[in-house]
Amino acid sequence: MTSSATEPGVDTFPYKRTCPFTPPAQYTEMAEEDVVEVTLTGSGLRIWTISGYHTIKQLLTDPRISASRKHDNFPFYFIAPPEFRTETSFIGYDNPEHTKTRRKAAVTFTNRQVKRLRPRIQEIVDEYIDKILTMTPPIDFHREFSLAVPMTVICELLGIPQDEHDFFIEHGTCLLGGHSTPEQRQAAIVEVNAYVDKLITLKEKEPGEDLLSRAMAEYAASGEEYTRRDLFNMIRLLMNGGHETTASMLSLGTAALLENPDQLKLLLDDPEGMIEPAVEELVRLATIGDTAIPRVALEDIEIGGKTIKAGDGILCLGLNGNRDPEIFPEPEKLILERGTRKHLGFGHGLHHCIGADLARLEMQLVWSTLFQRIPSLRLAKPFLEIPRKEGAVIYGLWELPVTWDIPAED
């Protein structure tokens, strides 16, 4: 199974979803073979795709694979010139550096820290719903709510002023949206780096109650040194991984519930009991990071009846793994009651998403509140006509037009 190279310098996975929650047509054959060699569009780079649920989990715990972007055959979602290859966080590190750096950033995402955020996140959700209800429908829910809520959470965590939130929304879209060139992405990296450097300097001089200041204080109290690189990693992780991914899930999940009224009714009838499994099932169904698990083989690996040679690029297809019918019967259906954390929506193994619990909390609070407060919420445009972020490293929607009934004035 191959595709031809067409645009030097820009690399994309050559297959697109046939509808928002349906895998590309080619995925059926790839799932049957489990381990398949594919040619990326653009560079002509040959890589291996992994589709089986168990095979993906096996590979992601194998020490013979690398997450480092420094390898020549690393399957980037875009091919950048050598001078543009920058490792933006510990997701691109291997052990022992990965564990050492991740442990420092983990102070941000402990259960204790996440639970402390719950009341404020609920306030933020309510504030943006209040704002929506002052508007005249239809509105773009993605722009007015899905992007705004997680960005407000992150910026408050970091002590970033409200009037600077748009800077990170625009740069996050540039880095992960799929429409920008390598040069535009690199320019965004440079601009974000400059801002982050300025922010760290400010917090060193004038620490506050924000997460960044607390992290720096905890390092100091423990006697453990930190570097600017460590702090850059933590901030980038929050800004990119915690914003774009959660925003995409909020829009896709909201649309999925509106398109499945029987499942939405289950959630409305028992929000407290159903919200946790609902979030897990929606994350499984959407699998927004389908092509966001690239690796390189460090040694020859025999897996799925194939030999992946040392130096070969690997792409674990989370969407196929999350559609494995042996693990998830009738995988194409949204079935909230079967929601389980067994899915691969947050990755697996060493690089399992460090912010998964924060993302879960945001989604739980949004979907347990939104439909209670706006029960007449509905799509203002047929779902299949809504433009999608095909080819982006994080899958999602470019917009989500919604409407609702405005109560008649007395």
Of the residues in region 394-410, those that are more than 32 Å from the chain's Cα centre (by Cα) and aromatic (Phe, Trp, Tyr) come to none
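Is there a residue in region 305-315 that is hydroxyl-bearing (Ser, Thr, Tyr) and modelled with pLDDT under 95?
No, the conditions are met nowhere in region 305-315.
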Of the residues in region 161-195, those that are hydrophobic (A, V, I, L, M, F, W, C), modelled with pLDDT of 75 or more and open to solvent by less than 40 Å² (accessible area, probe 1.4 Å) come to Ala188, Ile189, Val192
Could you list, in sequence order, the residues of region 340-391 that are among the β-branched types (Val, Ile, Thr), surrounded by fewer than 16 Cβ atoms within 10 Å (Cβ to Cβ) and farther than 30 Å from Ser66 by Cβ?
none
Any chance region 212-235 includes a residue that's open to solvent by less than 20 Å² (accessible area, probe 1.4 Å) and of a type in the set (Ser, Thr, Tyr)?
yes
When you check Lys333 against the structure, is it basic (Lys, Arg) and without any contact (Cβ under 8 Å) to a residue 40 or more places away in the chain, yes or no?
yes
Please go through region 131-160 and pick out each residue that is closer than 15 Å to Asp405 by Cα and open to solvent by 10 Å² or more (accessible area, probe 1.4 Å).
Leu133, Thr134, Met135, Thr136, Pro137, Pro138, Ile139
Return yes or no: is Pro329 more than 16 Å from the chain's Cα centre (by Cα), under 18 Å from Pro24 (Cα atoms) and assigned to a loop (DSSP other than H, G, I, E, B)?
no
Of the residues in region 390-410, those that are assigned to a loop (DSSP other than H, G, I, E, B), of a type outside the set (Gly, Ala, Ser) and touching a residue at least 60 places away in the same chain (Cβ under 8 Å) come to Glu390, Val393, Ile394, Tyr395, Trp398, Glu399, Leu400, Trp404, Ile406
Single residue of Leu350, Leu361, Leu370 found to be touching a residue at least 24 places away in the same chain (Cβ under 8 Å), more than 19 Å from Gln122 (Cβ to Cβ) and outside any loop (DSSP other than H, G, I, E, B)
Leu350
Which residues, counting only those in region 110-131, are of a type in the set (S, T, N, Q) and free of Cβ contacts under 8 Å to residues at least 24 places away in the same chain?
Thr110
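Before we move on, is Ile200 open to solvent by less than 20 Å² (accessible area, probe 1.4 Å), assigned to a helix (DSSP H, G or I), touching a Leu at 6+ places or on another chain (Cβ under 9 Å) and β-branched (Val, Ile, Thr)?
Working: open to solvent by less than 20 Å² (accessible area, probe 1.4 Å): yes; assigned to a helix (DSSP H, G or I): yes; touching a Leu at 6+ places or on another chain (Cβ under 9 Å): yes; β-branched (Val, Ile, Thr): yes.
Considered against the rule, which asks whether it is open to solvent by less than 20 Å² (accessible area, probe 1.4 Å), assigned to a helix (DSSP H, G or I), touching a Leu at 6+ places or on another chain (Cβ under 9 Å) and β-branched (Val, Ile, Thr), Ile200 comes out as yes.
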May I ask you to say which residue of Arg284, Arg323, Arg295 is buried (at least 17 other Cβ atoms within 10 Å of the Cβ), in a strand (DSSP E or B) and not small (Gly, Ala, Ser)?
Arg295
Taking Lys381 and the conditions (1) assigned to a loop (DSSP other than H, G, I, E, B); (2) out of contact with any strand residue (DSSP E or B) (no Cβ under 6 Å at 6 or more places or on another chain); (3) not small (Gly, Ala, Ser), which numbered condition does it fall short on, given that it satisfies the others?
(2)
For the structure I just gave you, tell me whether His142 is under 19 Å from the mean Cα position of the chain (by Cα), in a helix (DSSP H, G or I) and modelled with pLDDT of 80 or more.
yes
Cβ pairs under 9 Å, 6+ apart, first in region 278-306 and more than 19 Å from Asn322 (Cβ to Cβ), second assigned to a loop (DSSP other than H, G, I, E, B) and open to solvent by less than 20 Å² (accessible area, probe 1.4 Å)
Val296/Ala67; Val296/Ser68; Val296/Phe74; Val296/Pro75
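Keeping to region 215-228, report how many residues are part of a helix (DSSP H, G or I) and in contact with a helix residue (DSSP H, G or I) (Cβ under 8 Å, 6 or more places away or on another chain).
Filtering region 215-228 down to residues part of a helix (DSSP H, G or I) leaves 215-222, 228.
When the remaining residues are screened for being in contact with a helix residue (DSSP H, G or I) (Cβ under 8 Å, 6 or more places away or on another chain), the result is 215-216, 218-219, 228.
Qualifying residue count for the region: 5.
The values are calculated or read from the model by the stated rules, or taken from the named source; none is laboratory data. Fair warning: this is a prediction, and the values are worked out from it, not measured in the lab. Cβ: placed from backbone, ideal geometry, glycine included. Neighbour counts: every protein chain shown. All accessible areas refer to the heavy atoms of the entire protein, side chains included, with ligands and DNA or RNA removed. Shrake-Rupley method; radii C 1.70, N 1.55, O 1.52, S 1.80 Å.
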